[in-house]
Amino acid sequence: MAEKITTRAQDYSQWYLDIVKQAQLADNSDVRGCMVIKPAGYAIWEKMQRGLDGLFKETGHVNAYFPLFIPKSFFQREEQMAEGFAKECAVVTHHRLRTRDGKIEVDPEAKLEEELIIRPTSETIIWNTYKSWIQSYRDLPLLINQWCNVVRWEMRTRLFLRTAEFLWQEGHTAHATQQEAEEETRRMVDVYRRFAEEWMAMPVLVGPKSDGQKFPGAVYTLCIEALMQDGKALQAGTSHFLGQNFAKAFDVKFQNQQSQLEYAWATSWGVSTRLVGGLVMTHSDDAGLVCPPRLAPIHVVICPIGSKDEEILAVKDAAVRLAAALGNLPRDAYWGYEPLTVKIDTDLKNRPGFRFAEWELRGVPVRVEIGPKDLANKACVVARRDRPGKEGKQMGVPLDGAAAIIEHVLRDIQKNLFERAKAYRDQCTRLVETYDQFKEEIEKGGFLLAHWDGTRATEDKIQQETKATIRCIPFDRPKEAGQCMVTGQPSAGRVVLARAY
């Protein structure tokens, strides 16, 4: 059995790392700051990909792929982006190695004429490409997404949450009008909200970032913000209105319906494998991973229990028949038109309690137990991962019809996880009126709603003195004028502040 997991109360950071490693989601790589995503972790990411990709295609987007390497001069065309990513860029300077005196070294004669940046994001290389794709308003809108990896040379890394290399998707769209581009920016942040809440069971706040937190090169950034169990915020997805900044930087013009040339309007938007970390921190407990059923690699594990050969044969046969019934349930959009995935645990050498704990650690939403007594009653035991112990066990579930009952339980787990996370988020969201009160409350974690005067100077002061940042300005905030908690200057409404990952 795996080592004992550090509890959340003892050390939340270590608890998180323990779960990622012991649930076999990922390991640290020998390359500094990088990770190896193991099959269990990658299976979650694949489900995220499929879910999101379906939502993107529902809104008219198509996938493409662009180069990993970006000429350094491309970054210099967009000043804000160059400044924003300069400290995180990995740079390729040579294209060949050589052997000398038994050692491998960079060949000085293989120096590149122009250094290449390993993409931290792809706006520059994509908009340089769009110049040859866009000539007329008939070419617009251009709705492109790509699934790829990026490199940002982070100094402090943590598995899934912040690594030097990570996987993501990045959408890059071009439009004929400002209105269309802004509608796209809003549409895609709502796609992220839907995915976070309906698939990840992770409630989020939605709204613009402050100028101090927006994406470099954007006119404005919209985001979804979630609250983790330690009271810290997690930026889970962003959607950027880029105006005509990149079109002007790369001279992307089109002929409008009046036969006049004008610059295209742009958006970009993305989420990454950081979502896997957000899933772990939103739902998991001290027994291990808790995975929302819609993203679970294995939906149901069936554990036959027996000691005698004839008992083992009988319960295994019942397990196979139940697995087949689960796999044959009607497929619908809720499960991505895929069959429920079922695992039969054939490890009968270890005691049932040991086996149950292993599946709990790995986050399988439903465990079914079938022993000789259950079989004699033509029944089984159904245990749900979101409610540990006796509370989550349903005894005497008839084997005839168990598949439909289990599918209903899976849906209920998904709903319960969202409601539980939302109740926690709401409980940890508090109003503050003064800066002294804010400094006291921020130590307790959570989302704090406070008035802010809208200036970068005040925003920077708060961050420097408290390590808290403005996470978002929620779309649904009430219209409530007031006074900034720091300066006393007029405030149009409350913003959400928190310490964040």
**Message:** Could you work out what % of the accessible surface of the chain is carbon and sulfur, using a 1.4 angstrom probe and leaving DNA, RNA and ligands out of the count?
**Reply:** 49
**Asked** Using r as the Cβ-Cβ distance of Asp332 and Asp30, and R0 as 51 Å, what FRET efficiency do you calculate, to the nearest 0.05?
**Response** 0.70
**Asked** Per residue Cα convex hull volume for the chain, in cubic angstrom?
**Response** 187
**Over the range 354-413, relative contact order from alpha-carbon pairs under 8 Å, at least 6 apart, %** = 29
**Complete:** Given all pairs of distinct Cα atoms, the range 130-194 yields a Kirkwood Rh in Å of 14.3
**Request:** Please compute the net charge surrounding Leu295, taking Lys and Arg as +1 and Asp and Glu as -1 over other residues with Cβ under 15 Å from its Cβ.
**Result:** +3
**Prompt:** In angstroms, what radius of gyration and Dmax does the range 92-229 have, counting Cα atoms only?
**Reply:** 20.0, 63
**Complete:** Label model pair Glu262, Thr346: point-to-point distance (7 angstrom along the Cα→beta-carbon line) in nm is 6.6
**Request:** Output the Kirkwood hydrodynamic radius of the range 1-92, Cα pairs only, in Å rounded to one decimal.
**Result:** 17.3
**Prompt:** Rounded to the nearest 500 deg cm²/dmol, what is the calculated helix-only ellipticity per residue at 222 nm for the chain, with -39500 (n - 2.57) per DSSP H run of length n ≥ 4?
**Reply:** -10000 deg cm²/dmol
**Request:** Using only the Cα atoms of the range 266-394, each taken as one equal point scatterer with no solvent, compute I(q) by the Debye sum, divide by I(0), and report log10 of the ratio at q = 0.20 Å⁻¹.
**Result:** -1.20
**Request:** Using only the Cα atoms, work out Rg/Rh for the range 182-289, with Rh taken as the Kirkwood radius, to two decimals.
**Result:** 1.12
**Message:** Could you report the range 166-219's accessible area per residue, 1.4 Å probe, as an integer in Å²?
**Reply:** 31
**Request:** Show Thr173, Thr455 ordered by accessible area, largest first, where the area counts protein heavy atoms only and the probe is 1.4 Å.
**Result:** Thr455, Thr173
**Solvent-accessible area of Asp27 with every protein chain in place, 1.4 Å probe, in Å² to the nearest 10** = 60
**Request:** Report the accessible area of Cys472, computed with a 1.4 Å probe over the heavy atoms of all protein chains in place, in Å² rounded to the nearest 10.
**Result:** 0
**Request:** Run the dipole for the chain about the Cα centre, Lys and Arg Cβ at +1, Asp and Glu Cβ at -1, nothing else charged, and hand back the magnitude in debye, nearest 20.
**Result:** 700
**Asked** How much net charge surrounds Gly33 when only other residues with a Cβ under 15 Å from its Cβ are counted (Lys, Arg +1; Asp, Glu -1)?
**Response** +2
**Message:** Treating the range 330-464 as a set of equal point scatterers at the Cα positions, no solvent, please give the Debye-formula log₁₀ I(q)/I(0) at q = 0.20 Å⁻¹.
**Reply:** -1.23
**Prompt:** Based on Cα positions only, what radius of gyration and what Dmax would you give for the range 166-216, in angstroms?
**Reply:** 12.9, 36
**Complete:** Ranking Ala249, Leu326, Phe475 by how far each Cα lies towards the positive end of the charge dipole of the chain (+1 on Lys and Arg Cβ, -1 on Asp and Glu Cβ), the top one is Leu326
**Complete:** With all protein chains in place and a 1.4 Å probe, Arg187 shows an accessible area in Å² (nearest 10) of 100
**Request:** Find the accessible area per residue for the range 260-304; the probe is 1.4 Å, ligands and nucleic acids are left out, and the unit is Å².
**Result:** 17
**Message:** Can you give me the accessible area per residue for the range 35-103, using a 1.4 Å probe, in Å²?
**Reply:** 60
**Item:** Projected label distance in nm at Lys373 and Asp211, using a 7 Å step from Cα toward the beta-carbon
**Value:** 7.0
**Message:** I need the phi-derived Karplus couplings for the range 470-484: 6.51 cos²θ - 1.76 cosθ + 1.60, θ = phi - 60°, integer Hz, Gly and Pro marked x.
**Reply:** 6, 7, 6, 10, x, 4, 9, 5, x, 6, 9, 5, x, 10, 4
**Within-15-Å neighbourhood charge of Arg187 [Cβ basis; K, R +1; D, E -1]** = -2
**Request:** Would you mind pulling out the separation of the Cα centroids of the range 460-480 and the range 224-259, in Å?
**Result:** 20
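The values are calculated or read from the model by the stated rules, or taken from the named source; none is laboratory data. None of the values given here were measured: they were computed from a predicted structure. A quick note on method: Cβ atoms are made from the backbone with ideal geometry, for glycine too, and the neighbour counts reach across all protein chains shown. Surface areas here come from the heavy atoms of the whole protein model, side chains and all, with no ligands, DNA or RNA. Shrake-Rupley method; radii C 1.70, N 1.55, O 1.52, S 1.80 Å.
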